[in-house]
1. Please work out if C:Pro341 is within 9 Å of another protein chain (Cβ to nearest Cβ) and of a type outside the set (Phe, Trp, Tyr).
2. Look at region B:89-111 and say how many of its residues are more than 13 Å from chain A (Cβ to nearest Cβ), under 18 Å from B:Leu63 (Cα atoms) and assigned to a loop (DSSP other than H, G, I, E, B).
3. On the given criteria, is A:Phe68 among the aromatic types (Phe, Trp, Tyr), farther than 30 Å from A:Cys119 by Cβ and without any contact (Cβ under 8 Å) to a residue 24 or more places away in the chain?
4. Identify all residues within region B:159-171 that are open to solvent by 50 Å² or more (accessible area, probe 1.4 Å) and in contact (Cβ under 8 Å) with a residue 12 or more places away in the chain; write none if there are none.
5. Just give me the residues in region C:257-269 being open to solvent by 20 Å² or more (accessible area, probe 1.4 Å) and touching a helix residue (DSSP H, G or I) at 6+ places or on another chain (Cβ under 6 Å), in sequence order.
6. What residue, of B:Phe199, B:Phe174, B:Phe211, is surrounded by fewer than 19 Cβ atoms within 10 Å (Cβ to Cβ), of a type outside the set (D, E, K, R), assigned by TED's automatic domain parsing to the domain that holds B:Cys74 and out of contact with any Phe, Trp or Tyr (no Cβ under 7 Å at 6 or more places or on another chain)?
7. Considering only region C:212-232, state which residues are in a helix (DSSP H, G or I), among the hydrophobic types (A, V, I, L, M, F, W, C) and buried (at least 18 other Cβ atoms within 10 Å of the Cβ).
8. Quick one: what pairs do we get from region B:39-51, first residue within 17 Å of B:Gln61 (Cβ to Cβ), second open to solvent by 100 Å² or more (accessible area, probe 1.4 Å) and in a loop (DSSP other than H, G, I, E, B), C-beta under 7 Å, 6+ apart or different chains?
Amino acid sequence: MADTITAAEPTRRDFLYIATGAVGAVGVAAVAWPFISQMQPDAATIAAGAPVDFDLAPVTEGAIVKLFWRGKLIFVRHRTKDEIASAEKVDVNTLPDPQPDSARVKEGHAQWLVVYGNCTHLGCVPLGHQGHYEGWLCPCHGSVFDTSGRIRQGPAPTNLPVPPYKFVSDTKITIG
Amino acid sequence: MKGHRIMWNKTLAAAGLLTAVAAALALPARAAESGGDSHGGAVPPPISWSFAGPFGTFDQQQLQRGFKVYREVCASCHGLKFLAFRNLADPGGPGFSEGQVKALAAEYKVKDGPNDQGEMFERPGRAADRFPEPFPNEQAAAVANGGKAPPDLSLMAKARTYERGFPWFIFDAFTQFAETGPNYIHAVLTGYEAAPAGFQMPDGGNYNRYFPGHVIAMPKPLNDGQVDYKGPDGKPQAPETIDQYSKDVSAFLMWAAEPKMMARKEIGFKAFIFLIVLAGLVYFVKKKVWAPLHDHPETA
Amino acid sequence: MEGHSTYVPKSGIARWLESRLPIGGLMHSSFIAFPVPRNLNYFWTFGAILMMMLVVQIVTGVVLAMHYTPNAKLAFASVEAIMRDVNFGWLLRYMHANGASMFFIAVYIHIFRGLYYGSYKAPREVLWILGVIIFLLMMATAFMGYVLPWGQMSFWGATVITNLFSAFDEIIPGVGTWIVTLLWGGFAVDNPTLNRFFALHYLLPFMLAGVVILHIWALHHVGQNNPTGVEVKNVRKDTIPFTPYATLKDTVGTVVFLLFFAWFLFYIPNYMGHADNYIEANPSVTPAHIVPEWYFLPFYAILRAIPSKLGGVIAMFSAVLILAAVPWLDTSRVRSASYRPLYRQFFWVFVLVCIGLGYLGAKPPEGGYTIAAQILTFYYFLHFLVILPVLGLVETPRRLPGSIAESVLESTKGGSATAVSAGPAGAVASPQTKG
């Protein structure tokens, strides 16, 4: 019905329809954005991610200390000489995620290993000083990490990542 | 004919009732006006704020001065608990630099903990921290201030108002007047004066022209020349007067209560342009689609 | 109602689905082919506007619930965190808070439109009563939502409104107190109250949405009323398909309403609110003037106008519930006020009375204000209980058009030459009939 009557000027009509549809689509997209963006970390969460200082002095040799940065768990491990040696002597090429121990610690501070504390498989917290390599053993699905936090056996695809940090002094690090 | 008679009578009745309604509404309003001052303060004088109206923006210099007044005068008793130091560097605010904010935060002591020994400890503030409160709890604040805890100022500019009354409250919807809060704060800060003769002033009270009931617990907080407004050139950036201090701190508190105001008005303007264009387009589409109906009402 | 056309699934998948769940046909007959009286004015777009507002409130509400904390110690601060820290949090919260006001503005226009055009008359009584239920659910939802920010008005509003139920003590001693304690989950409005109000505030809108579906179902079963109040006689001549005609008109109305919404949302977002609600709840200090949100003011005025506690509560609830009886209180044969010269005037007086009650609801309950509220409350009930029934008996309505098509022709004849050339619509034949 409508077609037969307005067919005389199809182009102007079509342009109006397309323009309206396009403007409407832009509006829907513009309105959708705040609803998606609100799910991103809010300003307080981002600001709380400011670097935190951590004092290493109280951490005895062989101990693993847990701390949080940006709500994420971090292990600080004071490694023994044996643990350092076993981490360094591995043939890197045999590893599932090849990485030398030296790339995972700061130069001159090999006794300090700082890694994120969630298994790279599905996020459980691995248990320290356990598993075949006496690094970590994840209780959920059996991933085994060595004393450098590298994946050696099990379903985890990668090594425990190293968070950004630096030594402020010999006994103090800043994470973040 | 009979129908007309009834209709006419009913019209009269309706008109009479309308008049009665109008009179009933108007009478008490007038009665209340005459005695208005008894349970309130005087109406605050209107101030011309930079942030009023659809294109209003905060004056960064004014907010910085206002923050200085807050810090040097108000902060010893009044908290600002919903604000974090980082907010001072947020867009649409006083515009301090990240470095300034960091340095400023470090001047404050912030309670943190517990540490590994299970003890709470104090450390220098960080940008992410909220402003520490001046008193550990409300009771402590009350005891230290003659029995009345000084209110937190984070939302003061939105939490205080005064009655606009008919018909002003209707006009306000059209003129977008939304500055009763800062008007009121400015009025109270400048409204200290000697109590009129015969005024019964309770102990610890101060007379204020604009405070509801006129008896305010807070002693006169501001004096001319109290806060240094000197810029790098050694000259004052604004008059060092009670009036100017009050305006500046009111503006600062407006920002503190509504820190996203500038973003709101900017997005609002875009939304308006968009909606007007869309309304126009949709209207013409509707008109076009409906046109054949009007020409040939019998077809559909 | 019989539609303009029937749905024929085009693709194989659609045919497969249609034979198992005829949802395509349902949607098609409800929102595409549904016959709409061709003479609807823009007051009929408020159904679509309300639908949009319900969606806005549910979507923004769900999002706000992701950031809000229903705990008496944390609620106020969590709302401030939404306003200050959450990305676009200020926008979402102001949308939700002003959205509630917009929802009520739209629903009041919708209700008064129904009252003006007699949309509650047979066969639309159930449709109307479902609307009253939606209105009640809206009020309950809005009230509980206003408690959630846990400001001074939230707290004292919750205290005053829940205490209404203690009026039952005047009927059976102890019952009112028992109900109030049950509502509070304690011996005062406190954390348990806030927590359950949050749960119910989240639940009720979905119940409301369910009743909305019934409301639309009832509407589509009996068909829409229209400004003449004359029933559709010939679907082909009197109606047009919902899509594209009504959909486009609804879109125009909706966008214009959004402009109105945006004015408040972006420029005066606290205009409809109360300054006191930016002060955290304090059980030891009541604000000087406690008043509900504007949309409750007329009912609040009625509550305060009655000097007895129980009487006030009964009057207030009756003021809402009496709407459900309107289909039977109005005795007129004619639906639309356009053809009821007397009712039309009383309608506008009633509108003014409602506005007057709203104004008085915001005023302190003293002296002349109370007397004025009592007069207007009396008139409010007089309108429903006396004026409506009597008017229908004594009023002489104007001659109704023979059909919707005829009324459309009459209105276009004056200005448009094309309408005249279109010739008689063939609808004049039927004489005036009962509306």
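1. Yes.
2. 4
3. no
4. The answer is B:Arg160, B:Thr161, B:Glu163, B:Arg164, B:Phe166.
5. C:Leu258, C:Leu259
6. B:Phe174
7. Answer for region C:212-232, where residues must be in a helix (DSSP H, G or I), among the hydrophobic types (A, V, I, L, M, F, W, C) and buried (at least 18 other Cβ atoms within 10 Å of the Cβ): C:Val212, C:Ala218, C:Leu219.
8. none
The values are calculated or read from the model by the stated rules, or taken from the named source; none is laboratory data. Just so we're clear, the structure is a prediction, and the values are computed from it rather than from any experiment. In this analysis, Cβ positions are derived from the backbone assuming ideal geometry, glycine residues included, and neighbour counts consider all displayed protein chains. Note: accessible area is taken over every heavy atom of the protein model, side chains too, but ligands, DNA and RNA are not part of it. Shrake-Rupley method; radii C 1.70, N 1.55, O 1.52, S 1.80 Å.
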